[in-house]
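As structure tokens, the structure follows; a few thoughts come after it.
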Amino acid sequence: MKLIIAALGTCFAAPLFAQTNVTLYGILDAGIQVSNSGKSTQTKMVSGIADGSRIGFKGTEDMGGGYKAIFNLEARVEVDTGSNKAGNLSDYQGFALTKGMDFPDFGNPVLKGAAAQTLAGVRAALQPKYNVNATSSLVLARGGGPDGGLFDRTAMVGLITPVGAILAGRMYTPAYEVFNAADAFESGMAGSWGGITGGTGGLLTTGMAIRSNKSVQYRIELPSGFGGALMYGFKNSGYIGLDKDFLAANVKYKANGFDVGIAYNRGTNTDGSTGLVTATAGGSYSFEDFKFFAGYQSMKNENSILLPVFYDAWDQEISPGLKAGGVPAPVIAAWTSIFRSNVTKNFKLKAESYSLGMHYKIGNGRVMASYSHQDDKTLSNSDATQYALGYDYNLSKRTDLYAVYAYIKNQNDGQYAPGAASASGGFTEVAGQPGRALQFGIRHRF
């Protein structure tokens with residue numbers, strides 16, 4: 001029984017299975033970021049740098065005979081504003097998604113102005129800077145929705161049995177669990193490996209389904225240290241809640257200093273085509289005061305589930321505006337073709353990534369360091385390399401202070417900027433420009 005309970009530990013922010021009633025818990029994390037990803041230095045307060053700030057409810061009911069009912073509801077909290085919506089840390093726009101969208105004006109001064117306005121409108125519709133607000137209404141209209149719900153971190157109910165556990169709801173995916181275990185910065189701070197995985201379109205070309213809606217999961221752990229998970233998502237599952245179905249699995253080993261695994265996530269689009277696919281391997285090894293990390297991930301998305309969303313945005317918002325502005329129908333048709341062909345190409349994702357890192361304990365603190373590289377396999381060859389160094393000091397069992405510096409070297413269309421646990425870094429001011437960030441803050445668990 002204890003082994004099964006331990007296997008479920010990765011699903012939650014803190015141990016919960018010793019409880020026989022409802023428990024309130026949470027993490028409050030906030031700090032300051034000083035970044036330079038353009039001509040000027042930006043300083044701002046950020047919520048959730050090392051860990052996403054949250055408040056949650058969890059509980060169990062022991063029914064005897066090795067059976068327990070469990071639940072977990074966990075909500076995002078942005079400490080800097082009190083809201084539950086997060087956006088990019090950088091104020092700059094990304095331009096890779098509009099690459100190739102040169103709308104011809106045919107020598108007509110009126111069309112020249114309309115073409116410039118159209119490109120600006122397309123950029124506003126596609127930028128991850130507006131991902132939460134701009135896409136939510138579009139996505140919800142198609143029967144799904146991105147993060148932003150009241151309990152968007154976790155909403156789960158399940159049953160523990162003597163032969164494993166069955167969970168249902170919105171949960172972390174099996175591949176993300178392995179990915180997180182291989183990241184020396186634990187998917188937080190400016191040094192997070194996830195800051196450079198995915199495509200050059202940022203959040204709109206993500207390389208990982210972190211959570212999945214409408215999913216069921218089976219989990220187990222064996223006495224030998226081996227364990228595994230199998231997840232299936234129904235309609236409106238996957239990384240933004242639009243997949244026709246979602247399938248994922250992992251196999252892990254946690255014993256003798258090792259915490260390693262392999263995993264696979266695959267989404268299926270509404271038309272039956274294969275969507276985002278990731279294969280992940282890695283983890284950590286602890287030895288005395290050292291902890292070493294290594295991870296590898298391949299990512300592929302030839303048929304982005306977001307294409308219908310932006311086709312609709314063009315047809316319902318941009319095209320009618322062009323017509324009302326007097327742009328001739330043949331020109332609108334030509335521009336529509338340019339938009340569709342290029343956005344289809346620009347939303348493709350094909351990349352491989354790896355990360356190496358370490359921790360070294362010093363008294364009540366630890367030094368953290370990592371090296372991560374994203375190898376873009378698309379024609380743009382927009383590789384990115386990230387270096388990060390940080391220090392985390394425990395004031396008590398529940399409260400710590402941290403500081404981290406990260407530097408990202410971008411290539412070609414790459415505009416990756418350092419991020420945080422609760423938000424994407426966003427973009428550098430121009431493509432190929434380095435992204436730099438210094439972060440320091442405080443984290444309290446309750």
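The values are calculated or read from the model by the stated rules, or taken from the named source; none is laboratory data. What you see is a predicted model, and the numbers here were worked out from it, not measured in a lab. Heads up, the Cβs are rebuilt from the backbone with ideal geometry, glycines too, and the neighbour counts pull from every protein chain shown. Ligands, DNA and RNA are excluded from the accessible area calculation, which covers all protein heavy atoms including side chains. Shrake-Rupley method; radii C 1.70, N 1.55, O 1.52, S 1.80 Å.
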*With N denoting the number of residues in the stretch 259-322, provide Rg(C-alpha) divided by 2.2 N^0.38 Å, to two decimal places.*
1.85
*When Lys and Arg each count +1 and Asp and Glu each count -1, what net charge do the other residues less than 15 Å away from Lys291, Cβ to Cβ, add up to?*
-3
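Please work out whether the stretch 157-272 counts as rounded, prolate or oblate from its C-alpha gyration tensor, where a ≥ b ≥ c are the square roots of the eigenvalues and a/c under 1.5 means rounded, while otherwise a/b larger than b/c means prolate and anything else oblate?
oblate
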_Cβ-placed point charges (K, R +1; D, E -1), dipole of the chain about Cα centre in debye, nearest 20_ = 260 debye
*asked:* Please give me the summed charge of the neighbours of Arg366: other residues whose Cβ is under 9 Å from its Cβ, Lys and Arg +1, Asp and Glu -1.
replied: 0
*Cross-link table Lys44/Lys99; Lys58/Lys214; Lys68/Lys291; Lys377/Lys409, entries beyond 23 Å C-alpha to C-alpha*: Lys44/Lys99; Lys68/Lys291
*Please calculate how many Å² of accessible area the stretch 397-446 carries per residue, with a 1.4 Å probe and no DNA, RNA or ligand atoms counted.*
41 Å²
*asked:* Working only with C-alpha atoms, what are the Rg and Dmax values of the stretch 293-390, expressed in angstrom?
replied: 21.8, 71
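Which of the DSSP-defined H helices in the chain satisfy a minimum axial length of 24 Å, computed from C-alpha atoms, and a minimum mean Kyte-Doolittle hydropathy of 1.0? Provide the component values of the computation, followed by the final result.
Working: long enough: 109-126 (26 Å, 0.87); 329-346 (25 Å, 0.26).
The qualifying helices: there are none.
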*May I ask for the net charge around Asp376, where only other residues with Cβ less than 10 Å from the Cβ of Asp376 are counted and Lys, Arg are +1 while Asp, Glu are -1?*
-2
_5 angstrom amide H check on Ser37, placed H, neighbours 5+ away_ = Gln42, Arg436
*Derived scalar couplings ³J(HN,Hα) [the stretch 245-252; Karplus, 6.51 cos²θ - 1.76 cosθ + 1.60; whole Hz; x for Gly, Pro]*: 7, 9, 10, 8, 7, 9, 10, 10
*Cα principal axis extents for the stretch 26-128, largest first, Å*: 79, 35, 20
*Is the shape of the stretch 61-103 rounded, prolate or oblate, going by the alpha carbon gyration tensor and its root eigenvalues a ≥ b ≥ c, with a/c under 1.5 for rounded and a/b larger than b/c for prolate?*
oblate
*Enclosed volume per residue, in Å³, of the convex hull spanned by Cα atoms of the stretch 243-363*: 146 Å³
*What part of the accessible area of the stretch 359-410, given as a whole %, is carbon or sulfur when the probe is 1.4 angstrom?*
58 percent
_Hull-based mean projected area of the chain, where the convex hull spans the alpha carbons, in square nanometres_ = 21.2 nm²
_Using 0.36 nm times the number of residues separating Ser273 and Tyr360, minus their current alpha carbon distance, what extension gain do you get?_
26.8 nm
